[in-house]
C-alpha cells in the first residue's frame with residue numbers, strides 16, 4: 001500500500017513537472033518578450049532642408065546607459081559617421097552593427113529569452129527545437145546630442161545594412177535635429193524601435209537613452225553643402 005501511495009505521489013509530481021515545462025514559454029512570455037526602454041516618435045518622412053556635414057573622427061568610448069537590452073555580442077564598436085550643428089546644438093551620428101539571430105531575427109536579450117518568446121508567440125510545445133545559428137546583420141543608428149549627453153537609438157531592419165554601409169551624405173542636419181535621407185523606397189518603413197520581441201516595428205521612433213561620451217575626443221568636419229530632400233528625423 002505504501003509503495004502504491006508513493007508511486008501515485010511520484011506520478012502526480014511528475015505530471016506537474018511536465019505541465020510546468022510545457023507551459024513555461026507562455027508563463028514567461030510577458031517578461032521574456034518585453035523590451036522596455038523610453039521610446040520617442042518623430043513621425044514619418046517629410047521634405048526637409050538642411051546641411052550635409054563631412055565625416056567625423058572619434059577616439060573615445062561610447063557608453064549607453066539605461067538603454068534597451070540589445071545583444072551586442074555579434075557586433076563591433078560604435079563608429080562615428082558624421083557630426084555637425086543643428087538647431088544650435090552639436091550632434092554626432094554613430095553606427096554599430098548588431099546581430100539578429102534565428103528564430104526571431106530581433107537583436108534583443110539573450111538566446112534563451114528569445115527562444116522562449118518565440119515559442120510563446122508561435123505556440124510551440126514543448127519549447128525544444130534544433131537551433132540553427134542563422135545570423136542576420138542589422139545596423140543600429142545612434143544620434144547623440146553631445147552637450148546634453150542624450151542619444152536616440154534606432155534599429156534598421158531594411159537597407160542600408162552593414163553589407164551596404166552608411167556614409168555621411170545620408171544624413172541632413174536640419175533646424176530641429178538630424179535626419180536620414182530616404183535613399184531607397186521602403187527604407188523608412190523598416191527602421192525604428194520595438195516594445196517587444198517579434199512585435200510590430202514602431203516606424204520613425206527611437207529609444208531615448210543616456211550617453212556617456214568624451215566630447216574632447218570628437219572632431220567634427222564642416223558643412224559641405226545644403227540639401228532639400230525627403231528624409232525622416234532620427235533625433
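Tabulated data for the structure shown
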{"read-out": "Criterion (surrounded by fewer than 13 Cβ atoms within 10 Å (Cβ to Cβ) and either at pLDDT 60 or above or under 29 Å from residue 197 (Cβ atoms) (or both)) met by exactly one of 72, 31", "value": "31"}
{"read-out": "Flag if residue 160 is surrounded by 17 or more Cβ atoms within 10 Å (Cβ to Cβ), at pLDDT below 75 and closer than 21 Å to residue 77 by Cα", "value": "yes"}
{"read-out": "Of all residues making up segment 60-69, the number that are surrounded by fewer than 16 Cβ atoms within 10 Å (Cβ to Cβ) and not in a loop (DSSP other than H, G, I, E, B)", "value": "2"}
{"read-out": "Count - residues of segment 50-59 that are in a loop (DSSP other than H, G, I, E, B), surrounded by fewer than 18 Cβ atoms within 10 Å (Cβ to Cβ) and touching a strand residue (DSSP E or B) at 6+ places or on another chain (Cβ under 7 Å)", "value": "1"}
{"read-out": "Single residue of segment 219-233 satisfying the filter (in a strand (DSSP E or B) and over 24 Å from the mean Cα position of the chain (by Cα)) that is farthest from residue 180 (Cα to Cα)", "value": "219"}
{"read-out": "Test set (1) more than 17 Å from residue 210 (Cα to Cα); (2) within 23 Å of the chain's Cα centre (by Cα) - residue 47 fails condition number", "value": "(2)"}
{"read-out": "Condition met for residue 95 (surrounded by 15 or more Cβ atoms within 10 Å (Cβ to Cβ), in contact with a helix residue (DSSP H, G or I) (Cβ under 7 Å, 6 or more places away or on another chain) and under 28 Å from residue 136 (Cα atoms))", "value": "no"}
{"read-out": "Selected residue (criterion: nearest to the chain's Cα centre (by Cα)) from residues of segment 139-153 that are over 8 Å from residue 91 (Cα atoms) and crowded, with 24+ Cβ neighbours inside 10 Å", "value": "153"}
{"read-out": "Selection status of residue 40, out of contact with any helix residue (DSSP H, G or I) (no Cβ under 9 Å at 6 or more places or on another chain) and surrounded by fewer than 20 Cβ atoms within 10 Å (Cβ to Cβ)", "value": "yes"}
{"read-out": "In segment 75-119, the residues that are outside any helix (DSSP H, G or I) and without any contact (Cβ under 8 Å) to a residue 12 or more places away in the chain", "value": "88"}
{"read-out": "Residue count, segment 131-157 (criterion: closer than 30 Å to residue 102 by Cβ and either at pLDDT 90 or above or part of a loop (DSSP other than H, G, I, E, B) (or both))", "value": "14"}
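The values are calculated or read from the model by the stated rules, or taken from the named source; none is laboratory data. Computed from a predicted model, the values in this text were never measured in an experiment. Backbone-built Cβ (ideal geometry, glycine too); neighbour counts: all protein chains shown.
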